[in-house]
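Everything below concerns the one structure shown next.
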Amino acid sequence: MSDANVKELGSSSIQRLQVRPLTKVVFAASIVLIGVGAAPFFMDAYSVNVLVRSMIYAAMALSVDILWGYLGVLTFGQSAFFAAGAYATALVFTYGGFSPEYAFAAVLIGMAVAVALAGLVAFLAFWHGASALYASVITLVLPIVVTQLLFSGGTYTGSSSGLTGFDTIPLSTEAWFWAVGVWLVVLTTGAWMYTRSDAGRLLIAIRENEQRCKYLGLNTSKIKALVFLICAAIGAIAGWIYANYTMVVAPEIAGFTFGTELLIWVALGGRGTLFGPVIGTIIIDYASAHLQGDFPFVWKLVIGIVFVSVIVALPRGILPLVSNAANWLRGRTRKAQPEQYSQLQLCKAPRIERNIVVAGPALVVSGVEKRFGSLEVLSGIDFEATYGEIVSLVGPNGAGKTTLMTCIADGSKRSGGTISIGGQDIAHRPPEECVRLGVGRKFQMANVFDTLTVGECLQIARARLDPLSKWKKSGVCQLPPSALHVVRATGLHSDLDVPAQLLSHGKKQALELAMVLALEPKVILLDEPTAGLTKTERTLIGTILTELATTEQLCILLVEHDLDFVRDISSRVIVLHQGRIVLNGSVDEVVNSELVKTVYAGSGH
Amino acid sequence: MVPVLLDIITTAAILYIVSSGLLLVFGVMKLINFAHGGLLTIGGYAAVIATALGLNPWIGIPLAAVFGGIVGFGMERVVVRSLYNRPLDAILATWGLSIIIGQAITLVFDRGVHFAEPPIRGVISILGEPYSTYRLVLTALALLLGLGLTAALRGTSLGLSTRAVIMNEDLARGLGINSGLVRSITFTLGSGLAAVAGALITPLSSVDPNMGVAWLISAFMLVLVSGSSLYSLAFASVVLGGAQVIVSNYFGSVLGGMTIAALAAVILRIRPQGFSYE
Amino acid sequence: MTEAVLTVNGLSSGYGQATVIRNLDLQIASGEIVAVVGKNGMGKSTLLKSIMGYLPKFSGSVAMAQHPIGDSRPHEIARLGVAYVPQEKALFQDLTVEENIRLSLRGSVSWNDAKETMGRCFPFLLRRLQQKAGTLSGGEQKMLLMARSLAVEAKVLLIDEITEGLQPSIISNLVKIIKTERDRSGLGVLLVEQNIPFTRAVSDRYVLLDKGEISGSGNTRDPDTHEKIAAHISL
């Protein structure tokens, strides 16, 4: 078990590569900043004036893109947070007058209100069992409620006409342009570095497969809520700038229509690209301001038509199209190079002191029941499994095998009975907490993050134990020996930069197994790990599992239809039939059982 | 007390009329048609056209059905069909269609408010209280609509196929039902119903290019709470519409305006399947 | 008995990227009953779903008589005369018995013809026409399923593990009905099974399916049928 060959991977280039992206970012940001500094000298006052507003909207679009493009939360309600910041400012200045202290207080109040509102939304939208559609519905209700509240404020909030005529930070249009421009560049750069970092990949992982993230021990609700709160705060700051700059607030800025307009800009620019939404918003809003005078309705009609076409035909928006075209042009002169700094170094994780008593049973299932309404799927399931054991669950379709797996990996699923892992009761813990107790679950259909690379998938799997960097790619992934072994034995170490969706079916299965092992579980649940694999692949997986059981003292519970495979690797077999255990014994006992033959061959000879 | 009760009943009826088309589309296609508001607006303008041409105001209603049906049929063919597997994108794309409808109407008419001649004017005395005759007529129409839709779904072979597609589309296909055709017909019908609703509510609300938006949100919430059953839609209309009337009466119409959305959000949080009994 | 009603030629198919059925050849003659036997997870249901057009065919072809149905959609395949009995969720539980049957009728087959078929095969259904399918017992539901697929007067019948959870008496009744109807109309039947006694009683020919490939076949009347199938599907 030498790690030499693994360490070599990418290590030669690591030094150079870690510095480079940061320098590049700083360089690019500086150029844009110089542009921002120079722009007012080359434009007429009206354009500068319009562009300040466009850049404020672009910051809003950026926050929507983080939520929708990266995290996968389609939000209609970002406008409400904008309004929170804007109205806080307008109210403070209207009733308290302008002062620098009040301006500072206003931004804090605006952010506090926005974060409080976002907290309520997050509580409703992201907590246990809420669907993606429901989350969107809640973000749609939010602007409606906020708009009505603003109306119901009567003269205090200016009702339908809003508030005007308050004094604000006294800056010239050019100064606003520079201030907002710098803010937008800093914000975009920060967002870009975050989304490209290891932690940023986690957002994509959640969007792609939230269930898998939960079963990797990650509290996705919390992560989603946190990102949502941060975006709400960004929205409130944008609102604060808006009120200071325009000196007008009206209920429309809180509305569903504005919330949806932000989505349109993001979709047109290219969701999940950050630059697309920012540039797209600036172009569209700037063009609107100029064209709306001449062709007021035709312009919006064109935007509508383009928007629908983009959603239907170019779901990724216009920016990727432009960059693809640019790449294609460059490709004619220079061969496209793989992204250099995405290379990853695998290394062995320091062994965690296992505070477990290897003597006791690893898994105890007693009296477990599962009912769907009146239908009883599992009843009276009792069995134990110890460390180093491979227990196979077999039985005809509908016997309840996968249901039993689910009950072990998710404490909230069973209807009765108790389950303990390494001596600890799983009670009603959700999957991410069951992982903490030492359960690792591999699903039936390979369940990985399709658009992430193999290396990124492994890093996400380690996120629970090794916190991810929030601003860069660490370039390192520490794995326990068991996971390293799987990665090497199946040749995945040479695919670290390959997106998971391009892997063969067999390698995907192996990747998921390695991800589960990266959790350093005590008990692993494997649902048909050999389904769809070739004979060679089956044998390889079988060998690996047997080795893991003996060298790592893992307790492996296996659902399997391929009975040859079961016979080869199991230390014990449990036969389930119609939700009950009909036999729990050695491979020989089960193979020779008349009862089992009857179960499999159908009733009545 | 009597006016409040009458308000509850008639509000529920109006909500039912406005939502039934959206429910039909959602039930069959599992897809939320955000162009519903735009289609509603088309119906409103159909009534305006009828008035402008000096026709009997009742003519506006079949006119709306025809306009809505044609536009809906086209939308399904060109846009919606390719988004069946992308439900969240479908929401956005249909919202975009709604914008297109709104802008096209603005180009043809203008941004201003129009009025359509109401089919029935005046009040009728109920237990000594005068009450709008038209709202009562709408209640009767809502009942007729509910009974008609139920009869169509139960009694016709297309209705049976539609119900089969709602319950289990794969199985329906395996039995030889062309679910694509069923979807197309449903979307056309749902769009027609939306436009009819738009024409029917013109006496109650002014007609402008954005008249559909507020109704869309209410209809959307009602449909989410009702699942895909016309019965639960009736129930949801009474409960949420009733709550809206009561809140408006005692806390002002502004808070009344957010009652349906807020209440629906809470109901769905507690019971994700809403009022449907599954 | 010579003309093939269903021909599967070099078919490979599966879910997403996973190939489940590999290069499979199979022919069903008019009036022939063929059983596909294999353990769970060997691709039996996948085979039927691929033929029916629910799953993409990666390569190979499927034809009804001479008419290729490779890229047709499920409803088109059904209309060409294939009746499919899925293993799960095969009935509309909230629809009545009558509605369940009426749904599948098309073309020349009238409701009266369907009632005649029911009267011949499962007369009890005629007394329960207005009952919701979901309120029938498990065995009755299976009989309704069979009635539905026989009523459409198809040329090919695809049956996915109809015997699962059924009493022996009902199974033997099904055997009788399937054979009688086959003799009446020259129907070709492809059934997927794990139940040995049923397979032996009903089919003319069997093929063994192993990891998506045919690993053996035989005439059901051969004396070693039981042993061969038992060895194939048990541990």
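The values are calculated or read from the model by the stated rules, or taken from the named source; none is laboratory data. Just so we're clear, the structure is a prediction, and the values are computed from it rather than from any experiment. A quick note on method: Cβ atoms are made from the backbone with ideal geometry, for glycine too, and the neighbour counts reach across all protein chains shown.
The table below gives the values:
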{"quantity": "Residue within the stretch A:577-590 that is under 25 Å from A:G438 (Cα atoms), buried (at least 20 other Cβ atoms within 10 Å of the Cβ) and out of contact with any Lys or Arg (no Cβ under 9 Å at 6 or more places or on another chain) present", "calculated": "yes"}
{"quantity": "Among (1) more than 30 Å from C:R73 (Cα to Cα); (2) within 14 Å of chain C (Cβ to nearest Cβ); (3) at pLDDT below 90, the one test that B:Y231 misses", "calculated": "(3)"}
{"quantity": "Residue within the stretch C:201-211 that is at pLDDT 90 or above, part of a helix (DSSP H, G or I), within 12 Å of chain A (Cβ to nearest Cβ) and more than 16 Å from C:G81 (Cα to Cα) present", "calculated": "yes"}
{"quantity": "Test: B:G242 is assigned to a helix (DSSP H, G or I), farther than 21 Å from A:G153 by Cα and more than 13 Å from every other protein chain (Cβ to nearest Cβ)", "calculated": "yes"}
{"quantity": "From A:S160, A:S197, residue being surrounded by fewer than 17 Cβ atoms within 10 Å (Cβ to Cβ), among the polar types (S, T, N, Q) and either within 14 Å of chain B (Cβ to nearest Cβ) or farther than 22 Å from A:S79 by Cα (or both)", "calculated": "A:S160"}
{"quantity": "Matching residues in the stretch A:242-259 - criterion: being surrounded by fewer than 24 Cβ atoms within 10 Å (Cβ to Cβ), assigned to a helix (DSSP H, G or I) and under 31 Å from the mean Cα position of the chain (by Cα)", "calculated": "A:T257, A:F258"}
{"quantity": "Any pair with Cβ under 9 angstrom, 6 or more apart, that starts in the stretch C:147-166 at a residue that is more than 12 Å from every other protein chain (Cβ to nearest Cβ) and ends at one that is charged (D, E, K, R)", "calculated": "C:L150/C:R120; C:L150/C:E181; C:E153/C:D113; C:L157/C:E181; C:L157/C:R182; C:I159/C:E193"}
{"quantity": "Every pair of residues 6+ apart whose Cβ atoms lie under 6 Å, when the first sits in the stretch C:82-94 and is at the interface with another protein chain (Cβ under 7 Å from one of its Cβ atoms) while the second is hydrophobic (A, V, I, L, M, F, W, C) and assigned to a strand (DSSP E or B)", "calculated": "C:Y84/C:L158"}
{"quantity": "Number of the condition not met by A:T530 [criteria: (1) at pLDDT 85 or above; (2) within 13 Å of another protein chain (Cβ to nearest Cβ); (3) buried (at least 19 other Cβ atoms within 10 Å of the Cβ)]", "calculated": "(1)"}
{"quantity": "Residue check, C:G134 more than 11 Å from chain A (Cβ to nearest Cβ), of a type outside the set (A, V, I, L, M) and in a strand (DSSP E or B)", "calculated": "no"}
{"quantity": "Residues located in the stretch A:399-447, provided they are within 15 Å of A:G367 (Cβ to Cβ), free of Cβ contacts under 8 Å to residues at least 40 places away in the same chain and in contact with a Ser or Thr (Cβ under 7 Å, 6 or more places away or on another chain)", "calculated": "A:D425, A:I426"}
{"quantity": "Residues of the stretch C:169-191 that turn out to be closer than 13 Å to C:K142 by Cβ and charged (D, E, K, R), as a count", "calculated": "0"}
{"quantity": "Residue match in the stretch B:133-140 (condition: surrounded by 13 or more Cβ atoms within 10 Å (Cβ to Cβ), out of contact with any helix residue (DSSP H, G or I) (no Cβ under 8 Å at 6 or more places or on another chain) and among the hydroxyl-bearing types (S, T, Y))", "calculated": "yes"}
{"quantity": "The stretch B:81-98, residues that are within 11 Å of B:F34 (Cβ to Cβ) and touching a residue at least 12 places away in the same chain (Cβ under 8 Å)", "calculated": "B:A90, B:I91, B:L92, B:A93, B:T94, B:W95, B:L97, B:S98"}
{"quantity": "Residue ranges of helices (runs of 4 or more DSSP H) in the stretch B:1-108 with at least 2 members of a type outside the set (S, T, Y), at pLDDT 95 or above and under 30 Å from B:N249 (Cα atoms)", "calculated": "B:2-29, B:36-52"}
{"quantity": "Single residue of C:A35, C:A29 found to be of a type in the set (A, V, I, L, M, F, W, C), within 28 Å of C:I233 (Cα to Cα) and within 14 Å of chain A (Cβ to nearest Cβ)", "calculated": "C:A35"}
